[in-house]
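Let me begin by presenting the structure, written as structure tokens, before commenting on it.
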Amino acid sequence: MKLIIAIIRPEKLADVKKELNEASINLMTVINSIGSGRQKG
């Protein structure tokens with residue numbers, strides 16, 4: 001078993017889900033996040 005962590009833009013999520021389904025990967029956890037890092041501007 002392997003753990004894959006990916007940050008995916010919301011508009012690409014449907015495409016990623018489709019490709020993972022075709023690769024027989026059916027389980028995933030999706031968490032929304034807002035902002036990251038300490039950068040300003």
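The values are calculated or read from the model by the stated rules, or taken from the named source; none is laboratory data. Here the structure is a predicted model, which means the values were calculated and not measured. Using ideal geometry, Cβ is built from the backbone for each residue, glycine included, and neighbour counts are taken over all protein chains shown.
For beta carbons closer than 7 Å, sequence separation of 6+ or different chains, a first residue in segment 1-18 that is without any contact (Cβ under 8 Å) to a residue 24 or more places away in the chain and a second that is in a helix (DSSP H, G or I), the qualifying pairs are Ile8/Val16. Taken across segment 28-35, residues that are modelled with pLDDT of 90 or more, outside any loop (DSSP other than H, G, I, E, B) and of a type outside the set (A, V, I, L, M, F, W, C) do not occur at all. Of the set (1) surrounded by fewer than 10 Cβ atoms within 10 Å (Cβ to Cβ); (2) within 8 Å of the chain's Cα centre (by Cα), all apply to Val16 but (1).
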